[in-house]
1. In region 169-188, which residues are part of a strand (DSSP E or B) and at pLDDT below 95?
2. Out of Asp87, Asp64, I need the residue that is more than 15 Å from Ile189 (Cβ to Cβ) and in contact with a strand residue (DSSP E or B) (Cβ under 8 Å, 6 or more places away or on another chain). Which one?
3. State all residues of region 192-212 that are farther than 19 Å from Val102 by Cβ and at pLDDT below 95; if no residue qualifies, say none.
4. For the structure I just gave you, tell me whether Ile200 is within 25 Å of Ala93 (Cβ to Cβ), among the aliphatic types (A, V, I, L, M) and surrounded by fewer than 21 Cβ atoms within 10 Å (Cβ to Cβ).
5. Name the residue, out of Glu258, Glu223, Glu253, that is of a type in the set (D, E, K, R), surrounded by fewer than 10 Cβ atoms within 10 Å (Cβ to Cβ) and either at pLDDT below 90 or under 18 Å from His82 (Cα atoms) (or both).
6. Lys191 versus (1) under 26 Å from Ala139 (Cα atoms); (2) in a loop (DSSP other than H, G, I, E, B); (3) basic (Lys, Arg): which is the lone unmet condition?
7. Would you check if Gly155 is assigned to a loop (DSSP other than H, G, I, E, B), at pLDDT below 95, touching a strand residue (DSSP E or B) at 6+ places or on another chain (Cβ under 8 Å) and of a type outside the set (S, T, N, Q)?
8. Just one of (1) part of a strand (DSSP E or B); (2) loosely packed, with under 14 Cβ neighbours inside 10 Å; (3) among the charged types (D, E, K, R) trips up Lys239, so point out which.
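The values are calculated or read from the model by the stated rules, or taken from the named source; none is laboratory data. Treat the numbers as computed from the prediction; the structure is a model and nothing was measured. Every residue, glycine as well, gets a Cβ built from its backbone with ideal geometry; the counts of neighbours run over all protein chains shown.
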Amino acid sequence: MGGVSQDNQQEAFRKYFYIFGAMSSANKKFSFFERFMRLVVLVVIYTVRGFFFVWYRPKVRFTDKSVESTNLRSPSVIIANHTSMRDPIMMLAVFFHKRSIVVAKDQVEDPHFSWALKHTDCVIPCDRFNMDTEWALLARRELEKGNSVIIFPEGKCRYDGLLNEFKTGFAFLARSTGAPVVSVGIDGIYKWGHRTQIVIGDAEKIERVAGIPSSKHLAERGEYFRQKVWKLKQLALGKEAAILPATAETPQEILPGEGEK
């Protein structure tokens, strides 16, 4: 992330979690306009959710008895592959109860989306281009309030069918809070006549190690869950579980037009 070393990032996470982690957020007093905008956004959220269920008719499957409903038994870190810009909306529609979602800060500030994203309590902004630890503190608070946190560890969409590297923030968050990780595979197909397939795996906790977890340990956990999400995605696509190369061996995605340069 912006040239910042993993060790420095983990030290910053530790600072936020263990020094400021117990701080409660200040009570907010909203103006009439703010309350009105929140009401508008709430109406939009329910409308969009209804549209997604009618138009894309998501079919949700569960693979383990530890998770048999999208209304999770305990606050969890929910991770999924990222194939389409519709993925976050679909995840919010499916996991509709007591959840928040980590969203790229540049999208939160985009004037096309900011009017809605800044007037809802379920959005956690994260700067994906620079070291950002504030999102982790906000996510921890959401878990403490009983809300699950949805994260796309790839940080951006990938359109060629493979998965990008999983950033390790989700692993540090889960390990530090003790929240289980729920892996999700999305087929990423959003079109009329096709039911978007979503496969939800088990709830798995990341083992705790003495002291602050090393970058190597978190990277190993990141790769482990990357492979796990990959298998769930293949199930969603109805394919045999093809082998996903390790992150270091996965080729960079070539976007349209780049191959002509």
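1. Filtering region 169-188 down to residues part of a strand (DSSP E or B) leaves 181-186.
None; the set is empty.
2. On the way: Asp87 fails: more than 15 Å from Ile189 (Cβ to Cβ).
Checking each option against the conditions leaves just Asp64.
3. Once the filter is applied, which keeps residues that are farther than 19 Å from Val102 by Cβ and at pLDDT below 95, region 192-212 yields Trp192, Gly193, Glu207, Arg208, Val209, Ala210, Gly211, Ile212.
4. Values: within 25 Å of Ala93 (Cβ to Cβ): yes; among the aliphatic types (A, V, I, L, M): yes; surrounded by fewer than 21 Cβ atoms within 10 Å (Cβ to Cβ): no.
For Ile200, the condition - within 25 Å of Ala93 (Cβ to Cβ), among the aliphatic types (A, V, I, L, M) and surrounded by fewer than 21 Cβ atoms within 10 Å (Cβ to Cβ) - is not met.
5. Among Glu258, Glu223, Glu253, only Glu258 is of a type in the set (D, E, K, R), surrounded by fewer than 10 Cβ atoms within 10 Å (Cβ to Cβ) and either at pLDDT below 90 or under 18 Å from His82 (Cα atoms) (or both).
6. (1)
7. Numbers: assigned to a loop (DSSP other than H, G, I, E, B): yes; at pLDDT below 95: yes; touching a strand residue (DSSP E or B) at 6+ places or on another chain (Cβ under 8 Å): yes; of a type outside the set (S, T, N, Q): yes.
Taking the combined requirement at face value, the residue satisfies it.
8. (1)
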